[in-house]
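Following: one structure in structure tokens, then a few remarks.
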Amino acid sequence: MSHALALDHAVPSVRVRRRPFRAVWRTLGPGGTLSLAYLVLVVLAAALAPWLAPYPPNLPAPLEAYAPPSGAHLLGTDALGRDLLSRLMYGGRVALVASVSVIVLSTVVGTAIALASGWIGGVVDAFVSRVLDILFAVPGIVFALSAVAIAGPGTTGVVLGLTIGYTPYVARVVRGAVLREARLDYVAAAWVQGRSGTAICLRHLLPNLMPLIVAQAVSSLGFALIDLSALSFLGLGVQAPDPDWGLTMRSGLDGMLRNQPGEAVFAGSCIALLVGSVIVLGDRLTRRSEERA
């Protein structure tokens with residue numbers, strides 16, 4: 001017994017080191033990992049803008065209009081002398097919150113419609129499918145323009161309009177997955193055990209569909225950001241003087257005519273990089289969900 005205890009003390013304990021970075025790299029690949037890193041950087045910069053931004057976003061300084069990048073203004077200033085870096089950081093908050101709101105609302109509504117339609121089937125599913133086909137034929141930005149025409153320019157109307165436009169995309173993708181999953185053995189086993197349709201959808205179907213739903217949501221986030229920026233560029237979304245990337249691009253056009261392209265270039269680069277990162281990340285997640293399926 002004493003030799004056994006001595007042997008136990010002699011063998012050192014082996015600790016398994018968790019390496020989350022390698023797991024992320026293996027899952028997303030180089031492009032997906034870099035995209036995720038840039039997305040996290042943008043989110044942190046936007047969330048911490050009140051503490052990180054060097055100036056208030058709407059603080060004018062007419063004597064410093066169109067100042068070039070310097071130690072005082074890292075990205076320069078706009079036509080009113082406002083610091084571009086500060087406005088881009090605060091504008092990222094508006095862009096992220098609005099686009100995420102569109103995706104979350106459309107994903108929740110579209111998933112609920114798809115689960116109910118795919119599970120009930122029959123006439124209900126046929127009717128819902130026809131309605132989704134009609135809505136799918138209309139671009140989401142048209143619904144946003146209609147909402148703006150009713151509610152007036154602003155973020156609320158644009159978000160609600162785009163939510164209506166994006167819901168059919170989510171519903172069609174999830175509905176097809178529901179129809180496939182409903183034929184599998186585990187659903188039949190749950191049904192034989194006497195569980196209700198609601199319980200099967202929420203406790204069995206929905207968890208198995210979550211990877212697909214998340215991948216679809218991430219992929220759609222980039223397109224929502226493009227639509228929101230385009231509407232703000234047209235003056236229908238965020239209203240001046242509030243900072244927004246699309247609105248900054250619009251005001252930057254006047255600077256380009258004066259040989260001052262910095263405002264439009266920096267705002268456009270922020271939009272392009274974030275959209276590209278989100279699309280690459282969504283593509284990697286979609287592939288992973290298909291591999292698991």
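The values are calculated or read from the model by the stated rules, or taken from the named source; none is laboratory data. Keep in mind the model is a prediction, meaning the values are calculated, not measured. Ideal geometry is used to build each Cβ from the backbone, glycine not excepted, and the neighbour counts take in all protein chains shown.
A single entry from Ala65, Ala49, Ala137 fulfils the requirement of being of a type outside the set (S, T, N, Q), free of Cβ contacts under 8 Å to residues at least 60 places away in the same chain and loosely packed, with under 15 Cβ neighbours inside 10 Å: Ala137.
Of all residues in the range 178-195, those satisfying the criterion of being without any contact (Cβ under 8 Å) to a residue 60 or more places away in the chain and either of a type in the set (Lys, Arg) or in a helix (DSSP H, G or I) (or both) are Arg180, Glu181, Arg183, Asp185, Tyr186, Val187, Ala188, Ala189, Ala190, Trp191, Val192, Arg195.
Within the range 196-224, how many residues are in a helix (DSSP H, G or I), polar (S, T, N, Q) and more than 26 Å from Gly92 (Cβ to Cβ)? Working first, answer last.
Quick first cut of the range 196-224, residues in a helix (DSSP H, G or I) only: 197-224.
With the extra rule that they be polar (S, T, N, Q), the set shrinks to 198, 208, 216, 219-220.
Cutting the leftovers down to more than 26 Å from Gly92 (Cβ to Cβ) gives us 198, 208.
Final tally of qualifying residues: 2.
Scanning the range 116-128 for residues that are assigned to a helix (DSSP H, G or I) and surrounded by fewer than 23 Cβ atoms within 10 Å (Cβ to Cβ) gives Ala116, Trp119, Ile120, Gly122, Val123, Val124, Asp125, Ala126, Phe127, Val128.
Residues that are surrounded by fewer than 19 Cβ atoms within 10 Å (Cβ to Cβ) and aliphatic (A, V, I, L, M) were ranked within the range 77-95; the one that is farthest from Gly255 (Cα to Cα) is Leu80.
Checked against (1) modelled with pLDDT of 90 or more; (2) under 23 Å from Thr248 (Cβ atoms); (3) surrounded by 16 or more Cβ atoms within 10 Å (Cβ to Cβ); (4) of a type outside the set (D, E, K, R), Leu74 passes all but condition (3).
Looking only at residues that are of a type in the set (Phe, Trp, Tyr) and over 14 Å from Ser101 (Cα atoms) in the range 115-166, which one is farthest from the chain's Cα centre (by Cα)? First the steps, then the outcome.
Residues of the range 115-166 that are of a type in the set (Phe, Trp, Tyr), as a first pass: 119, 127, 136, 143, 166.
Add one more test, that the residue is over 14 Å from Ser101 (Cα atoms), and what stays is 119, 127, 136, 143.
Details: Trp119: 28, Phe127: 30, Phe136: 20, Phe143: 19 Å.
By that ranking, first place goes to Phe127.
All of (1) surrounded by 15 or more Cβ atoms within 10 Å (Cβ to Cβ); (2) modelled with pLDDT under 90 hold for Val24 with one exception: (1).
Across the range 227-284, which residue is surrounded by the most Cβ atoms within 10 Å (Cβ to Cβ) among those that are of a type in the set (D, E, K, R) and in a helix (DSSP H, G or I)? Looking at residues that are of a type in the set (D, E, K, R) and in a helix (DSSP H, G or I), I get Glu263.
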